[in-house]
Structure formats: C-alpha cells, structure tokens
Amino acid sequence: MPGDTLTQLDAEVYLVLDFSDVGLTDDQFFRLCRDNGDFHIEMSGEGELIIMTPNRPKTGRKHAKILQHLANWADRDGTGDVYDATSEFALRNGAKRAPDCSWLLKSRWNALTEEEQESFTPPICPDFVVEVRSPTDRMKCLKAKMDEYVANGARLAWLLDPIDNRALIYRPGETVREIEKPEVLSGDPALPAFRFDFREIL
C-alpha cells in the first residue's frame, strides 16, 4: 500500500517501500537488486519496491516440480522457453515481476531487440505465468498480481494454492475459474497438451 513501509505480513519476509516519487531507472533498479542479492525484489506498477527473502526449501521444491514438467513439455513443443523465479520482466504498466515459473513464445522473445533481450528486465510479459502460494503470502496480493499479468499480456496464469488445496485459473476476457481440490490441470489452448498434476505440490 502506498505510504506504508510494512505490509500486514511478517516483516521478516515481506517489505514494501514506496519509491513512486523517486522514479528508479532500469539501471538503478538493476544495481539495487545486484547489491542486495540475498533478497528477491520486485516493483509494482505504482513504483513500490517489494522486498522478499529467498524461498523456504519446501516452497522451492514445489517450484521445481512445476518447472520440471513445464520444461519437459516445452522441449517437446519447441515454440517457447521456460523461465524460473530469478527471471524478471518489465510489464507495460511499469511493474517489474518475477513469476515463480513462466513460459514465453520464442517468436515474441525474438521480436525484442538485442539490447532488450540483454537487459535485466526485458520489456515483455510471459505468455504463461505460475505463482505458488507460500505460508507467508496473502491471497489478496497474489490475486492482484495475477490480474496484472493478464492485463499486461499473459494468455494464461495459474495461481496454485497448496495451503487451501485450490487453483485459480486466469485467462484474458474470462471469469477467474476456481478449482477446489484440483487434480490434473490443463494448459490448453495457450499451452497445447501441457498437463500438471496439482497433487504433486501438496
């Protein structure tokens, strides 16, 4: 929230600083992240810095499961590449986000200039993003982030909540689909034939 230095979450894992009046350049944001490598730093569309500590091992294992299945599918499909949570993207609204897992069409990536591809935060939103709820995440914040991804170009976004055993599926122009006790999730039609068994991250 603008003007607040801390969210209602545990201050040790989630800190929000309002930098909207400062207007960090891309280079300044890169240096900030580089000089504070022990933290995961994003920026909201309003210019707030969102500072998080690294994932706990249990959360990292869940991310790895999704990455494994998505990378295997991407190798077979051949039309796009997979990115992990260390990959940050600059969205159209000014936000700089690093989804837990994402996939991006090679054709869209190749349309960027070489300079854009080499930048710390390339100006592009992945076609598919996944966020996994951890014990310190608030659903309200995560849902807002998913809406942001879709509004900025994502064709499919999954919010996976192993804590409450549910999945929320976001697609442009469609009502969010909430699935209680999900089993096998489908990426069709954005990711043809991609399947992920949600039960692997419970």
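The values are calculated or read from the model by the stated rules, or taken from the named source; none is laboratory data. In this text the structure is predicted, and so the values were computed from the model without any measurement. When we count neighbours, we look across all protein chains shown, and the Cβ atoms used for this are built from the backbone with ideal geometry, even at glycine. The accessibility values were calculated without ligands, DNA or RNA, using every heavy atom of the protein model including side chains. Shrake-Rupley method; radii C 1.70, N 1.55, O 1.52, S 1.80 Å.
Odds and ends about this structure:
- Checking each residue in region 49-64 for being within 19 Å of residue 145 (Cα to Cα) and open to solvent by 20 Å² or more (accessible area, probe 1.4 Å) picks out 51, 52, 53, 54, 55.
- For region 151-170, residues that are under 15 Å from residue 102 (Cα atoms) and either touching a residue at least 60 places away in the same chain (Cβ under 8 Å) or within 11 Å of the chain's Cα centre (by Cα) (or both) total 7.
- Criterion: within 19 Å of residue 30 (Cα to Cα) and open to solvent by less than 30 Å² (accessible area, probe 1.4 Å) - qualifying residue of 131, 88, 115, 148: 88
- Filter result for residue 154 (under 27 Å from residue 16 (Cα atoms), at pLDDT 95 or above and of a type in the set (A, V, I, L, M)): yes
- Residue check, residue 73 among the hydrophobic types (A, V, I, L, M, F, W, C), assigned to a helix (DSSP H, G or I) and surrounded by 19 or more Cβ atoms within 10 Å (Cβ to Cβ): yes
- Qualifying residue in region 181-188 (condition: among the β-branched types (Val, Ile, Thr) and over 30 Å from residue 43 (Cβ atoms)): yes
- Subset of region 35-70 (residues that are at pLDDT 90 or above and over 26 Å from residue 156 (Cα atoms)): 35
- Scanning region 100-109 for residues that are touching a Ser or Thr at 6+ places or on another chain (Cβ under 8 Å) and either part of a helix (DSSP H, G or I) or surrounded by 21 or more Cβ atoms within 10 Å (Cβ to Cβ) (or both) gives 102, 106, 107.
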